[in-house]
Amino acid sequence: MSRTRSKGWLGALPLLAFFALVFGVPAIALVAGAFTAEGRPSLANLAQSLQGGYLTAMIGSVRLSAVVALLGAVLGTFLAYAVVTSRFTLLREAVLTASGVLANFGGVPLAFFWIATLGNSGVVSGLIGLPSGSLYTLWGLVVVYLYFSIPLMVLVMAPALDGLRPQWREAAANNGATAWHYWRFVTLPVLTPSILGGVVLLFGSSFSAYATANAMVGTVVPLVTLKIASALTGDVLIGYENIALALSLDMIVVAGLVMAIYLPLQRRSSRWLH
């Protein structure tokens with residue numbers, strides 16, 4: 001038994017090798033480059049990545065992601081509740097299927113879709129009198145990012161809402177609880193971990209988005225992903241590759257904090273619903 005268990009890890013060896021090659025080698029190269037300046041170990045790149053325009057871009061990305069996460073969580077939760085409590089099975093399946101597709105719709109096609117709709121010469125812009133350039137702002141990006149964030153929140157919240165048991169409402173009613181008391185003291189505590197987990201997930205999704213913002217706003221709206229691309233390609237800056245690696249390391253730290261919040265909340269939600 002002990003011999004079988006001692007050799008059990010050999011089955012996972014190909015997976016470990018794959019992770020080491022795909023994730024480990026780039027991560028080591030990234031960290032090594034971030035801590036190297038002029039061929040010597042240095043903290044100069046990290047220091048420079050946290051000041052001036054780079055810091056502004058990081059703050060812009062965090063602000064954009066936070067707004068999208070909060071709005072997407074609220075709208076997505078209400079939409080998920082409407083879908084889950086709907087008596088029309090076909091509508092529920094259609095919305096959930098569409099959410100699965102739209103949650104993965106991004107990149108340049110998404111940017112082109114919105115430019116053709118609400119851009120300066122968009123189909124809808126003239127009909128509603130949208131001021132020129134409104135789409136190419138921070139709030140324009142918020143609208144575009146919500147297009148895939150709300151469906152993603154629906155996918156997160158629908159299973160959690162399905163897990164609410166009718167017996168909980170009946171037990172609350174038998175004890176004299178009103179609808180408000182049921183939502184305040186029963187439903188909300190159960191759903192809070194899923195809601196917070198969804199907020200964190202939407203934040204991370206918006207924080208790492210690049211292609212859509214690059215196609216829509218370019219350098220008009222400062223975002224850290226656009227700064228990294230500019231430094232790596234050398235279109236404007238030359239010799240700033242290690243600054244880009246330092247910015248990437250900053251993003252990994254932020255993403256690590258996001259996941260450190262998300263995973264415990266997700267585990268807690270699972271304990272309540274099963």
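Remark: pairs (first residue in segment 164-189, over 20 Å from Val74 (Cβ atoms); second residue open to solvent by less than 50 Å² (accessible area, probe 1.4 Å) and β-branched (Val, Ile, Thr); Cβ separation under 8 Å; 6+ apart in sequence or on different chains) = Trp168/Val186; Trp168/Thr187; Arg169/Val186; Ala172/Val186; Ala177/Val186.
Looking across Gly100, Gly163, Gly129, one residue alone is more than 30 Å from Thr56 (Cα to Cα), small (Gly, Ala, Ser) and exposed (fewer than 12 other Cβ atoms within 10 Å of the Cβ). It is Gly129. Which one of these is touching an Asp or Glu at 6+ places or on another chain (Cβ under 9 Å) and either open to solvent by 80 Å² or more (accessible area, probe 1.4 Å) or more than 26 Å from Ala231 (Cα to Cα) (or both): Val84, Val124, Val154? The conditions single out Val84.
The lone criterion from (1) surrounded by 16 or more Cβ atoms within 10 Å (Cβ to Cβ); (2) of a type in the set (Ser, Thr, Tyr); (3) out of contact with any Gly (no Cβ under 9 Å at 6 or more places or on another chain) left unmet by Tyr145 is number (3). Leu135 passes every criterion in (1) closer than 18 Å to Ala73 by Cα; (2) of a type outside the set (D, E, K, R); (3) open to solvent by less than 40 Å² (accessible area, probe 1.4 Å) apart from (1). For Ala73, state whether it is over 24 Å from Ser230 (Cα atoms), surrounded by 12 or more Cβ atoms within 10 Å (Cβ to Cβ), at pLDDT 90 or above and of a type in the set (Gly, Ala, Ser). The answer is yes for Ala73.
Every condition in (1) farther than 20 Å from Ser208 by Cβ; (2) open to solvent by less than 30 Å² (accessible area, probe 1.4 Å) is met by Leu110 except one, and the failing one is (1). For Trp168, the requirement of being open to solvent by 20 Å² or more (accessible area, probe 1.4 Å) and closer than 24 Å to Leu201 by Cβ is not met.
Can you tell me which residue within segment 178-206, out of those that are among the small types (Gly, Ala, Ser) and at pLDDT below 85, is farthest from Tyr262 (Cα to Cα)? Among them, the one singled out is Ser194. When every residue of segment 22-44 is checked against the conditions, none turns out to be in contact with an Asp or Glu (Cβ under 7 Å, 6 or more places away or on another chain), surrounded by 13 or more Cβ atoms within 10 Å (Cβ to Cβ) and not small (Gly, Ala, Ser).
The values are calculated or read from the model by the stated rules, or taken from the named source; none is laboratory data. Please read all numbers here as calculations on a predicted model, not as lab measurements. So basically every Cβ, Gly included, is an ideal-geometry build from the backbone, and we count neighbours across all protein chains shown. Note: accessible area is taken over every heavy atom of the protein model, side chains too, but ligands, DNA and RNA are not part of it. Shrake-Rupley method; radii C 1.70, N 1.55, O 1.52, S 1.80 Å.
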